[in-house]
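Reading through the structure tokens given below for one structure.
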């Protein structure tokens, strides 16, 4: 069954809601009109060490925060569809293409406890929209790390050093799109880009639903 028809069918039994305010919206809508008008589309200039490009859909602020909260805490609702589709539009408009999409991995123990990886949810929406396969097993997180938000920029880089590995050659000679939900300093993306390139990828582009600004980093 076509994905959008599935959404219409589910909408009959589980009405679609705006992931920001909770108002009822159409089966194929992402946000209600008032919330959509308040969201700040990303217009900054940011680069990730070693990556060809960086793209984000929104500035991370109080307007988009409820949708990100739903996504991260498993209540999702319409959040992954809304955020992933918006990011796919941004990638399409900027002409960024890839051979494979790779979500930022979680440690297996954390994944089992949470039950999902929000970066993978976003990656799958992008893959569906752009017709690009999603690879979830190429990268692994080998050890626990401290919460990045609690650390300085320098501490974040040290915290992640050696935390990730590439477990196969599936990314070799491929243009890789590396996807996460939020980017603050880019330390995670930089570390993973280095790992991917060392394992023979042709290039890495990075994309996140939201990018923090200096005031909320």
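The values are calculated or read from the model by the stated rules, or taken from the named source; none is laboratory data. Quick caveat: nothing in here was measured; it's all calculated off a predicted structure. Backbone-built Cβ (ideal geometry, glycine too); neighbour counts: all protein chains shown.
General remarks:
- If you go through the range 24-59 and pick out every residue that is surrounded by 15 or more Cβ atoms within 10 Å (Cβ to Cβ) and either at pLDDT below 95 or touching a helix residue (DSSP H, G or I) at 6+ places or on another chain (Cβ under 8 Å) (or both), you end up with 14.
- Counting only helices (runs of 4 or more DSSP H) that sit completely within the range 22-106, those holding 1 or more residues that are more than 27 Å from residue 174 (Cβ to Cβ) and in contact (Cβ under 8 Å) with a residue 60 or more places away in the chain correspond to 65-72, 79-93.
- Here is the figure for the range 176-193: residues that are modelled with pLDDT under 95 and either within 15 Å of residue 122 (Cβ to Cβ) or assigned to a strand (DSSP E or B) (or both) total 1.
- Restricting the range 121-138 to residues that are out of contact with any helix residue (DSSP H, G or I) (no Cβ under 8 Å at 6 or more places or on another chain) and modelled with pLDDT of 95 or more, the residue that is surrounded by the most Cβ atoms within 10 Å (Cβ to Cβ): 127
- Scanning the range 139-175 for residues that are part of a loop (DSSP other than H, G, I, E, B), modelled with pLDDT of 90 or more and touching a helix residue (DSSP H, G or I) at 6+ places or on another chain (Cβ under 8 Å) yields one hit, 171.
- Test for residue 64: is it under 15 Å from residue 177 (Cα atoms), in contact with a strand residue (DSSP E or B) (Cβ under 6 Å, 6 or more places away or on another chain) and modelled with pLDDT of 95 or more: no
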